[in-house]
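Reading through the structure tokens given below for one structure.
Every number in this text was worked out from the coordinates using simple rules, so none of it is lab data. Just so you know, these numbers come straight off a predicted model, no measurement behind them. All Cβ positions, even for glycine, are placed from backbone atoms using ideal geometry, and neighbour counts span all protein chains on display.
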Amino acid sequence: MESGAMQELVQAYYGQELQSTADLRTSACCDADAVPAWLKPLLARVHPEVSSRYYGCGLVCPPLLEGCRVLDLGCGTGRDVVLLSQLVGATGEVVGVDMTPEQLAVAHRHQGFHAEQFGFSNVRFLEGHIEQLEALDLEPASFDVIVSNCVLNLSTDKPAVLRGVQRLLRPGGEFYFSDVYADRRLPEPLRRHPVLYGECLGGALYWNDFLRLARAAGFADPRLVSDRPLEVTDPELAALLGEARFFSATYRLFQIPELEDACEDHGQAVIYRGTIPGSPSRFEFDKHHSLEAGRVFPVCGNTWRMLQQTRFAAHFSFIGDFERHYGLYEGCGSSLPFDGGARSALHSSGSDNATTAGGSCC
Ligand SMILES: C[S@@+](CC[C@H](N)C(=O)[O-])C[C@H]1O[C@@H](n2cnc3c(N)ncnc32)[C@H](O)[C@@H]1O
């Protein structure tokens, strides 16, 4: 099947076949109980029709969004857009892009309802393909954060999506997104299977191919935030997939050209000030960086830059510079980075100071 036919298949799957989250045949969408407590009041304000057609696989609400411009790729009916619109507030903006008219129709139908509830209107929904973001009227380097929830796997041209993200992120901005990954490259018949594809499994990247793709697109040091194994609940699909295992994972990719492809030790450190709302004593930056307030925390050059050249800067003190080099950080590993469901022992993936934070939720 060529890429146009795959996109039509995806549009039919999300536009007509699926009517609600309950129709999915995997555990990709976790239940509302898994949503963190601080987000529940915001979720309660989302119109029920929007929530009932949520097909995401992770949580795409990073901290410090107030006043930010955020873009949601493959926004569907807009559950995450509505959550994010509350987080960016009246001075921010959230733009959702999706190619399926039926999904966008639901999003549009309840736009007024949400604006009335919040007392401001800061959301736009655009119909378009995420492989052709340049066709939309969006200014280059104008977004602080780009998010996406269970969509990249459905794209027939993933490098084009990442190039578009690079173009639209402002310097220091980040692509914070959840998606499905496989523990291996899938054989062609599975990749082309219509239901497996629609269910976000057939198009899922082998995790290490994703890392290669991200680096090739200029995101030199992808950071894993959280992950969980997915269960294929439909016995027929499970039989087709055999030994292949799938994971939902959230990554953050920063638009920082100076990042290197490995964790280099320049003798630097940071001290978290404890000022990020909701994280007074500890800030979980990624799966391997759990930063306790007030404590000197040695970091590699990349982590230093991810905190110093981004919206996180005001919340840290920075120790050191790039004048000296002490070699590679220990533990720059390359084995399966996800927890649970793996057969072999797991190690960290290219990060300094590994302190595994464990599971995830959405
Ligand atoms: C699994 S659903 C996730 C929807 C939404 N992010 C959520 O969490 O509910 C995938 C969505 O991505 C959209 N989509 C898939 N491929 C796309 C593409 N190439 N361009 C734009 N939208 C796409 C589909 O129309 C669908 O709404």
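Given springs between every Cα pair under 10 Å in a Gaussian network model of the chain, which of THR156, THR21, THR91 has the largest fluctuation?
Looking only at THR156, THR21, THR91, the biggest GNM fluctuation is shown by THR91.
Assuming a ≥ b ≥ c are the square roots of the Cα gyration tensor eigenvalues, decide whether the chain counts as rounded (a/c under 1.5), prolate (otherwise, with a/b larger than b/c) or oblate.
oblate
How big is the gap, in Å, between the Cα center of segment 261-325 and the Cα center of segment 5-25?
The distance from the Cα centre of segment 261-325 to that of segment 5-25 comes to 41 Å.
Find which of HIS129, ALA238, GLN308 sits farthest along the positive direction of the dipole of the chain, computed with +1 on the beta-carbon of Lys and Arg, -1 on that of Asp and Glu, about the Cα centre.
It is GLN308, whose Cα lies furthest towards the positive end.
Please build a GNM for the chain, connecting alpha carbons under 10 Å apart, and tell me which residue among ASP339, ASP227, ASP80 fluctuates the most.
ASP339
What does the helix-only formula give at 222 nm for the chain: each DSSP H stretch with n ≥ 4 adding -39500 (n - 2.57), the total divided by the residues, and the result rounded to the nearest 500 deg cm²/dmol?
-6500 deg cm²/dmol
So in the chain, what percent of DSSP beta bridges are antiparallel if you round to the nearest 5?
So the antiparallel bridges amount to about 55 percent of the total.
Would you please state which residues of segment 63-89 a label at ARG124 would reach in this model, taking the label point 7 Å out along Cα→Cβ and a backbone N cut-off of under 18 Å?
Residues passing the 18 Å test: 67-76, 78, 81-82, 84-86, 88-89.
For segment 52-75 and segment 154-209, compute the distance between their C-alpha centroids and round to whole Å.
Between the Cα centres of segment 52-75 and segment 154-209 lies a distance of 17 Å.
In whole percent, what relative contact order does segment 27-133 give with Cα contacts below 8 Å and a gap of six or more residues?
26
Could you grab the relative contact order for segment 3-254? Cα pairs under 8 Å, six or more apart, rounded to a whole percent.
20
Specify the residue with the greatest mean-square fluctuation among ALA217, ALA239, ALA107, computed from a Gaussian network of the chain linking alpha-carbon atoms under 10 Å apart.
ALA239
Quick one: what are the phi-derived ³J(HN,Hα) couplings along segment 245-253, Karplus 6.51/-1.76/1.60 with θ = phi - 60°, whole Hz, x for glycine and proline?
10, 10, 9, 9, 9, 10, 10, 10, 10
With only Lys, Arg, Asp and Glu charged, each at its Cβ (+1 for the first two, -1 for the last two), find how big the charge dipole of the chain is about the Cα centre; round to the nearest 20 debye.
520
Tell me the label-point distance for the pair ALA12, VAL296, using the 7 Å Cα-to-Cβ offset, in nm and rounded to one decimal.
The answer from the label model is 6.4 nm.
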